[in-house]
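The values are calculated or read from the model by the stated rules, or taken from the named source; none is laboratory data. Only a predicted model underlies this, so the values are computations on that prediction, with no experimental measurement involved. We place every Cβ from the backbone using ideal geometry, glycine too, and count neighbours over all the protein chains shown. Accessible surface areas use protein heavy atoms only, side chains included; no ligands, DNA or RNA. Shrake-Rupley method; radii C 1.70, N 1.55, O 1.52, S 1.80 Å.
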Amino acid sequence: MLDAFSRAVVSADAKTACIGSGEIAALKQYIAKANTRLDAVNALTSNANCIVSDAVAGMICENTGLIQAGGNCYPNRRMAACLRDGEIILRYVAYALLAGDASVLDDRCLNGLRETYVALGVPLTSQSRAVAIMKTSSMAHINETNTEAQVAASNAMLQQRYNKMETIQGDCSMVSAEAASYFDRVISALS
Amino acid sequence: MKSVVTTVVTSADASGRMPSQSDLESVQGSIQRAQARLEAADKITSGFDAIVREAGDACFSKYPYLRQAGEAGDNQGKVDKCYRDVGHYMRLINYCLVVGGTGPLDEWGIAGAREVYRTLNIPTAPYVAAFAQARDRGCAPRDMSAEALKEYKALLSYVIESLS
């Protein structure tokens, strides 16, 4: 597993060279944005349950066949497996975001994931849809664009889950774009 | 490759949990010192050739017997290899400064080094002399800031410790 720093080391070592000033400048960028990144990871971990359960609920709302007899979320056991998988994927995305490098996500989560789902008969379109919803709601949590009004508009049950991180407002476009790219990586690995 | 972030992620993954508050704290702790470390790494990159030359010269001037026939530096090829090895260690120090841990030195520099040097009949004392020169020659704020110099010297001491 690599992070942004060890990635620079491994690629420099392949050339038997010192780490160039270009790479060092990029790492300084990582450090300058480190607090934003930690806040973003915190936004994902503190709202993990909300993000995952909403995504799975959303996936099922769009395709209610999933919870009817014969559907892939039909007995609670399979629904629970689906929620668990959503949480695992979100966890690896959080790791990748913390590390600033996708290798942990690739090696430990996505490698063979598609084949496993195909073998188990899990519908990949539903799974990628759930990841896409997780991506959208994670973006809202990281950028703090989730508003009470939005929640109230949907339903009252979700209102109890409304959680604003109250971090200092600033530019987190880079980190949220990076997080989005990890979700996209999961989606493309599944499709 | 070990660094603070990968250590944290590995242990979180082993117990299957999200990165916890204390994990994030420890990452932040290492990030706070990263500025100084990257400065030192930057200085090594830019002054690499000069540092290696000076350190290598120091070992041959302290141990001139190395150039005598039958010793470890009795022809130019062997002398060049000594300078090359010093360069390797400095490069690994440069990596260690970037990752914020001794992972690169441990994995690529120190593991097995003692056995290799013994088999090839190469004394390690001259290397110690070379790295001691590189360490003691460093001066703040002429070469780099005081914090950066502290990180740089700590890693050189680590190498010296492993070779002595």
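Brief remarks follow.
- To the nearest ten degrees, helix A:48-62 and the longest principal axis of the Cα atoms of chain A are 50 degrees apart.
- Here chain B exposes an accessible surface that is 53 percent carbon and sulfur, computed with a 1.4 Å probe and the other protein chains kept in place.
- Once you reduce region B:62-84 and region A:1-72 to the center of their Cα atoms, the two points are 50 Å from each other.
- Computed over chain A, relative contact order equals 28 percent, with contacts defined as Cα pairs under 8 Å that lie 6+ residues apart.
- Within straight-line reach of B:LYS62, meaning a Cα separation under 21 Å, sit the following lysines at least 8 residues removed in sequence or on another chain: B:LYS78, B:LYS81, B:LYS153.
- Prolate/oblate/rounded label for region B:9-164 (Cα gyration tensor, a/c 1.5): oblate
- Rg/Rh, computed from the Cα trace of the protein assembly as shown with Rh as the Kirkwood radius, has the value 1.12.
- Candidate residues B:THR45, B:THR119: accessible-area rank, largest first, probe 1.4 Å: B:THR119, B:THR45
- Restriction of the trypsin sites (Lys or Arg not before Pro) in region B:102-156 to DSSP coil positions whose beta-carbon has at most 11 other beta-carbons within 10 angstrom yields B:ARG142.
- Where A meets B: accessible area buried, both sides, 1.4 Å probe, Å²: 3100
- Relative to the longest principal axis of the Cα atoms of chain B, helix B:125-137 runs at roughly 60 degrees.
- Projected area averaged over orientations for region A:33-188, convex hull of C-alpha atoms, nm²: 9.2
- Surface listing: A:VAL118, B:VAL86 arranged by accessible area from highest to lowest gives A:VAL118, B:VAL86, probe 1.4 Å.
- Average silhouette area of region B:74-164, convex hull of alpha-carbon atoms, in square nanometres: 6.0
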